[in-house]
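These notes are about the structure you will find just below.
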Amino acid sequence: MASSGANAYIQGVQAATGVAVGTVTLIDPLANLESVPDRQADDIDAQEGAFRAAVVAVQAELGASSERLTGALPNDVRELFDVYIMLLGSDVLVADTLERIRAGNWAPGAWRKTVARHARDFDRMEDPYLRARGEDIRELGTRVLMQLQPGPEDPRSYPERCVLVGDAVSIQDIASVPAGRLVGVVSHQGSAFSHTAVLANALGIPAVASLSSLPLDLVDGATMVVDGDAARIYPNPSQPLLDALEVRRSQQETLRAQFVAQRELPAQTVDGVRLPLHANIGLDADIGLARDSGAEGVGLFRTEYQFLLRDDFPVEDEQHQSYRRLLNVFTPLPVTIRTLDVGGDKILPYCPQKEDNPFLGMRGIRFSLARPELFVIQLRALLRANAGLGNLQVLFPMVARVSELDEALELLARAHRELTEEGQATATPKTGLMIEVPSAVFLTGVLAARVDFLSIGTNDLAQYMLAADRTNARVTTPNDTLHPAVLNAIAMTIRDAHAQSTPVSVCGEMAGDPAGALVLLGMGIDALSMNPASFGRVKRVIRAFTSEQARALADEALAQEDERQVRRLLDDALEGAGLREPWSPGH
Ligand code: PEP
Ligand code: MG
């Protein structure tokens, strides 16, 4: 445990921002799936029936929780529960378990093996977003086991200001707290990318995950501060700390009210330059949130998550349905759907690749071009989804050579020809590519001439420019995208694309960082795409500067020697405009 003044705290990772004081409510470990033994089934049919009934019961439980939260949630976050219901009903988990039962294992043992196998596949992934899907599967594992081996009922009572604390806190645990009583969520494990984090964000409740430890003497009823901004918890806080946090809480209230008041206003500079804010989307559950946060379109839909959450390539119709739904929700606003971007740290469990340097290997477009038959299926699904809507923009990831773009465009044309010959309805989409490899920066002019738009992936661009693995915290910092070399590469891309009249957006994390957004504005970016949670703070910054002020700042930033100087320069500008958020991480 570390300490700040008289107060001891425990550090974790941020799952949802904000600060709250409340009463600890410990979540008991419900059932331990890992300790379930294998056992020969006496009656295979009975075991199969029990397993099917348990799955149905958990699905019903999830459905009921989703209903219960209807009024409390801003909007469609209830879909989170649908994701669980679907995952639980999927072949991945059910068929696998039934096969094990038919091979002779009893239901709990068969279920343990299925959950362990699929959760392990995700645990091995470096991408934190995907690792968090392992948590989902374990959570479902526990729920189904409780149905298979019911224990005594737990008539839990919840205090007025409840802070849920547990080894893991599930969306079901959150849904069990009576409306209006939950003020904070603390989980020893868990991550910033879990559904629990998504739900806490939607409810506006601070959450801290992945704590370095939990105090052994922590008891139900103790007071605790959950500081989601600094990703810390303070068990037994002192009065001065409570007072200081109260000040911050009220500042944040004011800020939130400002964000809400600005929700309908455009992201526009003082002198009238508009900068559309688009949403980055991964999980289906993000879709409703993005739409309701005022996104002016989708700047990045990462299709790989649909491919990674299963045990075989999704068929064309399945892909088509997913894309169609997204295009429908946002029509007539533009929706940028990125073709499969796997490889690197995102490995398809059913298509393993062994490479010494996976980030420099069969990633992104290279993976797809090496499997044209599979790639064409995705392109057909996209073209069909666009029929009658016309708001699709297809984005190709990791392009490093002009020939790669040409091949991808040729396959898109082939998919179009096939569909036309079959008499299927399509609509020609806009096309674009990601600039995220240094070679593409230098080829911007020729690349931009072939497409309708460019999108800069600053996460990978910084990784490849600085030779710093983005998943290795020892060699990266949150300021890497502000490195002057990266900024100059972005400036060059914008200049060369504009010379071809091709618009450029940024869809890496940099777009959602107020300092990053400010410097991009100054460099003449045409749109920003980010997690919708960042819209409020970014819009506030854009509305506070003139385009000329932003340009002068960008010029100065481009001339700095390192990323810390750039961060200081931009932070000072934000401070001067009264826009600095001192509690934000990375400062
Ligand atoms: C990027 O690299 O900046 C990007 C947006 O793509 P991803 O994070 O999915 O690699
Ligand atoms: Mg990328």
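Assorted remarks:
- Kirkwood Rh, Cα atoms: Rg over Rh of the stretch 448-516: 1.01
- Normalised contact order of the chain, rounded percent, pairs of Cα under 8 Å and 6 or more residues apart: 14 percent
- When all alpha carbon pairs of the stretch 284-360 are counted in 5 Å bins from zero, the resulting P(r) reads 3, 13, 23, 20, 16, 12, 8, 4, 1 %.
- Here the accessible area is traced with a 1.4 Å probe on the protein chains. For the stretch 433-587, carbon and sulfur cover 49 percent of it.
- Surface composition of the stretch 363-412: carbon and sulfur atoms hold 52% of the protein heavy-atom accessible area at a 1.4 Å probe.
- Shape class for the stretch 404-457, computed from the alpha carbon gyration tensor (a ≥ b ≥ c): prolate, with a/c not under 1.5 and a/b above b/c.
- Only Cα pairs under 8 Å and 6+ residues apart enter the sum, and on that basis the relative contact order of the stretch 470-548 stands at 26 percent.
- Simple rule: put +1 on each Lys or Arg Cβ and -1 on each Asp or Glu Cβ in the stretch 133-289, find the dipole, and look at Leu255, Ala267, Pro240; the Cα lying farthest toward the positive end is Ala267.
- Annotation: per residue accessible area for the stretch 354-435 equals 42 Å², rounded to a whole number [probe 1.4 Å, protein chains only].
- Cα Rg over Rh - the stretch 118-185, Kirkwood: 1.05
- Over the stretch 401-513, Cα pairs under 8 Å with separation of 6+ residues give a relative contact order of 28 percent.
- Global geometry of the stretch 216-341, whether rounded, prolate or oblate, following the gyration tensor of its Cα atoms and the 1.5 cut on a/c: oblate
- Restricting the calculation to Cα atoms, the chain yields a radius of gyration followed by a Dmax of 24.6, 78 Å.
- Diffusion constant of the stretch 277-407 at 37 °C, which comes from Stokes-Einstein with the Kirkwood Cα-pair radius and 0.692 mPa s, µm²/s: 215 µm²/s
- Positive-pole candidate from Asn7, Ala413, Val538, dipole of the chain, charges at beta carbon: Val538
- A DSSP coil position with no more than 14 other Cβ atoms inside 10 Å describes the following trypsin sites (Lys or Arg not before Pro) in the stretch 422-516: Arg474.
- The Cα-based radius of gyration of the stretch 345-459, divided by its Kirkwood radius, gives an Rg/Rh of 0.99.
- Here the chain is assigned +1 on the Cβ of each Lys and Arg and -1 on the Cβ of each Asp and Glu. Its dipole about the Cα centre then comes out at about 640 debye.
The values are calculated or read from the model by the stated rules, or taken from the named source; none is laboratory data. The structure displayed is predicted, hence computed values, not measured ones. Backbone-built Cβ (ideal geometry, glycine too); neighbour counts: all protein chains shown. Note: areas computed on protein heavy atoms with side chains; ligands, DNA, RNA excluded. Shrake-Rupley method; radii C 1.70, N 1.55, O 1.52, S 1.80 Å.
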